[in-house]
Amino acid sequence: MSHDVTALKLSLRRWTLILGVLQITLGCLVGFLPPTAVQWYRGIVMSHIEYTANGVLMVAFAYLVLELRLQQTALKIWFATLQIGTWTNGTAGLVGALIGYSSVLMPTINEKFPAPHGADHPAVTGLLQLCGVTIIIALGLTLYGLLRSDSPSDQPRCA
């Protein structure tokens, strides 16, 4: 059983690194979009920032996975919620940029950079809500797994 958890951790670490770097890359590519390519350019700025920042978060969390003392199911939930949470954050901005809507969850952006079609689209708001819930679950599982770890040396290391 311990070998299965170790193999799962190594696999999750690899995929978290790959997907984190992919997300950073997408964030950089989104940053190349010109203002005239979308209906609400501030959404592109948001998407660029969120994809790159959340990609960096994912890369950092990839290095924590070996320290997490979680069972297989909890590790899978950790991975899924981390992926959903980080990807939906930047996607909310991208969707908003493409459709020209914002969300009521972004009052400061709406005040300074109002979206042309309004500040309350269910797709943008829904993505942000999904992001918030899943990121909190991933963070909670990370803290729980780290607190359960007796010491950094109680987990097997990869070569």
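The values are calculated or read from the model by the stated rules, or taken from the named source; none is laboratory data. The structure presented is a predicted model; accordingly, all values stated were derived computationally and were not measured. In this analysis, Cβ positions are derived from the backbone assuming ideal geometry, glycine residues included, and neighbour counts consider all displayed protein chains. Just the protein is used for accessible areas: all its heavy atoms, side chains included, with ligands, DNA and RNA removed. Shrake-Rupley method; radii C 1.70, N 1.55, O 1.52, S 1.80 Å.
Quick notes
- Portion, in percent, of the accessible area of the range 39-159 that falls on carbon or sulfur, probe 1.4 Å: 67
- Measuring gaps between exposed loop sites in the chain (chymotrypsin sites (Phe, Trp or Tyr not before Pro); DSSP loop; at most 16 other Cβ atoms within 10 Å), the longest gap, sites not included, is 64-159.
- Rounded accessible area per residue of the range 67-159, 1.4 Å, Å²: 53
- Gain upon complete extension [GLN39, ALA53; 0.36 nm per residue less C-alpha separation]: 2.7 nm
- Counting charges near GLY20 (Lys, Arg +1; Asp, Glu -1) among other residues having Cβ under 12 Å from its Cβ returns a value of +2.
- Per-residue [θ]222 nm for the chain (sum of -39500 (n - 2.57) over DSSP H runs n ≥ 4, rounded to 500): -24500 deg cm²/dmol
- Taking only alpha carbon atoms, the range 30-105 gives an Rg to Rh ratio of 1.13, where Rh is the Kirkwood radius.
- Inverse of mean 1/r across different Cα pairs in the range 19-157, Kirkwood, Å: 15.8
- Span-like helix ranges in the chain, DSSP H, alpha carbon extent 30 angstrom or more, Kyte mean at least 1.6: 122-148
- Considering all different alpha carbon pairs of the range 1-55, the Kirkwood hydrodynamic radius works out to 12.7 Å.
- Candidates LEU33, LEU128, LEU141, ranked by Gaussian network fluctuation over the chain, Cα under 10 Å, top entry: LEU33
- For the range 1-131, size of Cβ-based charge dipole, Lys and Arg +1, Asp and Glu -1, in debye: 280
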